[in-house]
1. Being surrounded by 22 or more Cβ atoms within 10 Å (Cβ to Cβ) and of a type in the set (A, V, I, L, M, F, W, C), is that true of even one residue in the range 212-225?
2. Can you tell me how many residues within the range 104-138 are polar (S, T, N, Q) and crowded, with 16+ Cβ neighbours inside 10 Å?
3. Within the group 149, 161, which residue is small (Gly, Ala, Ser), open to solvent by less than 10 Å² (accessible area, probe 1.4 Å) and modelled with pLDDT of 95 or more?
4. Kindly provide the set of residues from the range 25-82 that are within 30 Å of residue 113 (Cα to Cα), modelled with pLDDT under 95 and among the acidic types (Asp, Glu), ordered by number.
5. For the range 119-135, state whether one or more residues are under 19 Å from the mean Cα position of the chain (by Cα) and either on the phi > 0 side of the Ramachandran plot or without any contact (Cβ under 8 Å) to a residue 40 or more places away in the chain (or both).
6. Go through the range 302-317 and report how many residues are among the acidic types (Asp, Glu) and either in a loop (DSSP other than H, G, I, E, B) or open to solvent by 40 Å² or more (accessible area, probe 1.4 Å) (or both).
7. Please verify whether residue 185 is surrounded by fewer than 16 Cβ atoms within 10 Å (Cβ to Cβ), assigned to a helix (DSSP H, G or I) and touching a residue at least 24 places away in the same chain (Cβ under 8 Å), treating the condition exactly as stated.
8. Any residue that is basic (Lys, Arg), at pLDDT 90 or above, open to solvent by less than 50 Å² (accessible area, probe 1.4 Å) and closer than 24 Å to residue 19 by Cβ - is there at least one of those in the range 241-253?
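The values are calculated or read from the model by the stated rules, or taken from the named source; none is laboratory data. Please read these numbers as outputs of a predicted model, since none were measured by experiment. Counting neighbours? That spans all protein chains shown, and the Cβs are built from the backbone with ideal geometry, glycine included. Please note that ligands, DNA and RNA were not included when accessible areas were found on the heavy atoms of the full protein model with its side chains. Shrake-Rupley method; radii C 1.70, N 1.55, O 1.52, S 1.80 Å.
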Amino acid sequence: MIYFDYAATTPMDDEAVELYANIAKHNYGNSSSLHDIGSRADQILSYCREELAEILNVHKKGIYFTSGGTESNLLSIISLAKTKFYNGKHIITSMAEHASVHSAMEYLKKDGFEVTYLPFTTDGIVDLDALKRAIRKDTILVSIQHVNSEIGTIQPIRDISDCLRERDILFHSDCVQSFGKTELKEITPYLDGLSLSSHKIYGPKGVGAVYINPIHHISPVFPGFHHENSFRGGTVNVPGIAAFVYAAKKIHEQNRQNIYSQFREIFMNKLNLFQEHFKIYQSTNNKMQLPQIIGMRVNGLEGQWTMLESNRNGYAISTGSACQVGHQEPSATMKALGIRTGKANEFIRITFGKDTEEHHVKEFADFLIQLSLQRGNEKDLIK
């Protein structure tokens, strides 16, 4: 089976697995315990916090470890909103956010907040003019993902920040898909908060992180806890955090973006010979496009059928965000692009990772071409 679903999850790095096992066995203490065993675990935790802060070029006091990207989004968005609610209760986000962001918004709506959802332009970018029009006197928070998980477009974080700073509006970004693939140091100065996940970068599942600028006094979502500076409850997963930070350092040292750009070009060149069969959703500006995520349609073929046929022939792809699979509704990104339901349901996603090889990309492109041609011939016979 050739794996083309790295945006959903990644295989855990071998050295990260070894580190996890070693710390779990020899440094198993609760980092909040005052005895020596607990203190050793706390020292590891402190070191990991410093290392992650260095990767992001932020202050370590703003780093909070969590159980993953979903919890990171929920806690950071709700905390930031409740911290600022005395200035208003209006929030802006995009239609194409991860399900966890939409969940946080629904939670806040029940607490009296109003939410405005922005569409994408045809380039897969948040409509900045729509953002400017949506800002009100009572707008206190904007949450926009850095990289879209389904089509890989990169949002203009600095331009969005420029719209918000002079109005004292907080800015949060879901950086789960961009961490380890783009240099977040370039955008952290423009954000008040961001969310990360471990299993997208070859770390363990069940681990993530939040950064919130320490200048903000954070209101915990659930009061009364003492872990992670009262940000969340639950015994801290020290082995998982150590493996996460190790994987983060490793992926930053072994940047493969040029390779993924080459793979994307190879894939596109093959499909471009049969343009009438395919529709690729991407930015026309290469600088605003993550190369390893390809969101597309095989015209006339249900996305789920294409995914199942791919699986039957040895290729693992997806029909979009793994958190939305199984629902009848089109993907959030397709909605944000204004794609009608019939065509939206043809959507599939292909993503490259560290084990992807050039011949895998060529073979799968050829498979999709044959699949589209075969289906087209079947329809002609029916006619």
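1. So the first thing to find is which residues in the range 212-225 are surrounded by 22 or more Cβ atoms within 10 Å (Cβ to Cβ), and the list is 212.
This time we only want the ones that are of a type in the set (A, V, I, L, M, F, W, C), so: 212.
Within the range 212-225, one or more residues are surrounded by 22 or more Cβ atoms within 10 Å (Cβ to Cβ) and of a type in the set (A, V, I, L, M, F, W, C).
2. Of the residues in that region, 2 qualify.
3. Details: 149 fails: open to solvent by less than 10 Å² (accessible area, probe 1.4 Å).
Just one listed residue meets the conditions, 161.
4. Selection gives nothing.
5. Initially, the range 119-135 is screened for residues under 19 Å from the mean Cα position of the chain (by Cα), giving 119-120, 123-126.
Those still in the list that are either on the phi > 0 side of the Ramachandran plot or without any contact (Cβ under 8 Å) to a residue 40 or more places away in the chain (or both) too: 124, 126.
So far as the range 119-135 goes, yes, one or more of its residues are under 19 Å from the mean Cα position of the chain (by Cα) and either on the phi > 0 side of the Ramachandran plot or without any contact (Cβ under 8 Å) to a residue 40 or more places away in the chain (or both).
6. At the first step, the residues of the range 302-317 found to be among the acidic types (Asp, Glu) are 302, 309.
Retained after the next criterion (residues that are either in a loop (DSSP other than H, G, I, E, B) or open to solvent by 40 Å² or more (accessible area, probe 1.4 Å) (or both)): 302.
The qualifying residues number 1.
7. Values: surrounded by fewer than 16 Cβ atoms within 10 Å (Cβ to Cβ): yes; assigned to a helix (DSSP H, G or I): yes; touching a residue at least 24 places away in the same chain (Cβ under 8 Å): yes.
So residue 185 passes the test.
8. Filtering the range 241-253 for residues basic (Lys, Arg) gives 249-250.
So of that shortlist, the ones also at pLDDT 90 or above come out as 249-250.
Now drop any that are not open to solvent by less than 50 Å² (accessible area, probe 1.4 Å), which leaves 250.
Next, only the ones that are closer than 24 Å to residue 19 by Cβ stay: 250.
Yes, the range 241-253 has at least one match.
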